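Taking it in order: structure first as structure tokens, then the write-up.
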Amino acid sequence: MGDPLHPDDIRASDIDRKLVQDRLHVAHAQGLIDLAEFDARVRTAWDAKTRGELGRVVADLPSPAAPRPAKPSSARVAMTVLTRIWLSVVAFNVAVWGLLVLSTGWAYPWWIWFAAPGAVLGVLWWSGVGRDNER
């Protein structure tokens, strides 16, 4: 039996070559390589026979950065804060009303007046205000 193959000696597939080409596209878009160098490196990548040759094509380029999660929009943050404030105020008023009912027997349910702002918030959420663009 012969010596085991080094990972760099494994034959490169078209998928491997395409991945290197995509990485070169990113490097060109970021201004790391100019168009002539991009063209030469893509040609070299598609002529490569092994993964080691492909690795040398992009060896001097920084590794691709992982995509960062998108920040929530300011409208979404505002809607979330307003909704939490509204829920807190309603919960506090219902709790106070409940204690009053338990101690006196009956009290006007003034907390029901908070339904109107809640309905406005509900309509805004339903209409898409504060919804992230990607979704």
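If a/c stays under 1.5 just call it rounded; otherwise compare a/b with b/c (prolate if a/b is bigger, oblate if not). Do that for the range 7-57, with a ≥ b ≥ c from the square roots of the Cα gyration tensor eigenvalues. Show your work: numbers first, answer last.
On the way: a/c = 2.34, a/b = 2.11, b/c = 1.11.
Because a/c hits 1.5 or more and a/b exceeds b/c, the range 7-57 counts as prolate.
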Taking the Cβ of each residue in His28, His6 as the centre, tally the other Cβ atoms inside 10 Å and list the residues starting with the fewest. His6, His28
Determine, for Ile15, Ile33, the number of other Cβ atoms within 10 Å of each Cβ, and report the residues in order from fewest to most. Ile15, Ile33
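Laboratory data are not the source of any read-out in this text; all were calculated from the coordinates shown. Values in this document were obtained by computation on a predicted structure and should not be read as measured data. Ideal geometry is used to build each Cβ from the backbone, glycine not excepted, and the neighbour counts take in all protein chains shown.
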